[in-house]
C-alpha cells in the first residue's frame, strides 16, 4: 500500500516538473520571438534592433535553454549516472548560450562595431554569432538526448 502511494507522488512530481519545464520553454520561445520580431506582436517601434530587443531575445533564449535542460534531465532514468556525452552536451548548451549572448551584446560590452557614443546596434556580424551560438545549443541538446548515450529511457 505504501509503495503505490510513493509511485503516485513520484508520478505527480514528474508531471509537475515536466509542466514547469515545458512552460519555461514556451514562455522563453514567446519572449525570444518578442525580442527577435516585435512586429509579430504589434510592438515594432524602430527599423533597427537595439539593446532592448537584444536583451529580450537573449532572456528568451536563456529560458528556452533552462526549460530544455530541465525537461531532458527529468526524462533521464534516476538510477543511471550522467554519461560523458551528456556532460559534454550540457557544457555545449551553456557555451552556445554564452556565444549567442556575447555576440548579441557585443556593442553593449564594448567590442562591437558601434563605438560608445553611438547607440548599440545589432548588425549582420552579430547575427551570425547568435546563429552560431544557437547551432551550438542545438548540438548540445542532441548530445544530451538518451538515444545518443545508449539509454533506453
The correct count of residues that are crowded, with 18+ Cβ neighbours inside 10 Å and either free of Cβ contacts under 8 Å to residues at least 12 places away in the same chain or within 9 Å of the chain's Cα centre (by Cα) (or both) in the range 54-80 is 9
Which one of the conditions (1) touching a residue at least 12 places away in the same chain (Cβ under 8 Å); (2) closer than 23 Å to residue 92 by Cα does residue 147 fail to meet, given that it meets all the rest? (1)
Helices (runs of 4 or more DSSP H) contained entirely in the range 62-153, each with at least 1 residues that are modelled with pLDDT under 85 and more than 22 Å from residue 34 (Cα to Cα): 106-109, 146-149
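The values are calculated or read from the model by the stated rules, or taken from the named source; none is laboratory data. The structure displayed is predicted, hence computed values, not measured ones. Note that we place each Cβ from the backbone using ideal geometry, even for glycine, and neighbour counts take in every protein chain shown.
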